[in-house]
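Q: Just dropping this structure here.
The values are calculated or read from the model by the stated rules, or taken from the named source; none is laboratory data. Remember, predicted model here, so these are calculated numbers, not experimental data. No Cβ is skipped: glycine too gets one built from the backbone with ideal geometry, and neighbour counts run over all protein chains shown. Keep in mind that these areas ignore ligands, DNA and RNA; they rest on the heavy atoms of the full protein, side chains included. Shrake-Rupley method; radii C 1.70, N 1.55, O 1.52, S 1.80 Å.
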Amino acid sequence: IQPQQAARMMAYNPQGVLTGKVAAYSTAFLERKIADKLNYNPLLTNKASEDFIKFVEDSGMMAAVDKQNLVRGSLMDAAESSSRIGKMAKAPVNFLRKIGFDIGEMANTLGHLAAVYDKYVSQGKNLADPAVRTEAYSVTRAISYDMNFAGDMPYNQTTPSLLLQFMQVPH
């Protein structure tokens, strides 16, 4: 799924990808996050990267990655017990999800946000306008297959989700 999302993002803004702007925005965001953790001033800060960092943070999409619907399932449901055994079973599942899915999905989400941001800036759109910003977030979700609770298909919230969990992608 994630390689397909990346291909859609590249098709959405090939110029931003080929010129390196998408990578530069993503790098600026990552550098800021690392700098914040290590308490140092990032080297690559400028007005454009600061605006992009605010754009990403205001979206809430990075924080929502661990709420992905496609990584839920019977294993997680079984592990969501309040018993001690349930809590012990939940830890490895959460760890594997974080390293196996969350990091990739965060990178994908960041790339999508950078591609949309770059395209909107290149077109001269005012991302300070809440309506334009909301549209940009909507486009970001759309080109990344809208994999959040809001974009969930009805069959992902019912018993058929056991069999149809990944059908949302082709659907």
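Q: Could you give every pair whose Cβ atoms fall below 7 Å, whose first residue belongs to segment 13-35 and is of a type in the set (Asp, Glu), and whose second residue is outside any helix (DSSP H, G or I), counting only separations of at least 6 or pairs across chains?
A: Glu31/Pro42; Glu31/Leu44
Q: Can you confirm whether segment 38-48 contains a residue that is part of a helix (DSSP H, G or I), open to solvent by less than 60 Å² (accessible area, probe 1.4 Å) and touching a residue at least 60 places away in the same chain (Cβ under 8 Å)?
A: Yes: one or more hits.
Q: Return yes or no: is Phe166 of a type in the set (Phe, Trp, Tyr) and at pLDDT below 70?
A: yes
Q: Does segment 101-141 hold any residues that are over 19 Å from Leu30 (Cα atoms), of a type in the set (Gly, Ala, Ser) and either assigned to a helix (DSSP H, G or I) or within 11 Å of the chain's Cα centre (by Cα) (or both), and which are they?
A: Hits for segment 101-141 are Ser122, Ala131, Ala136, Ser138.
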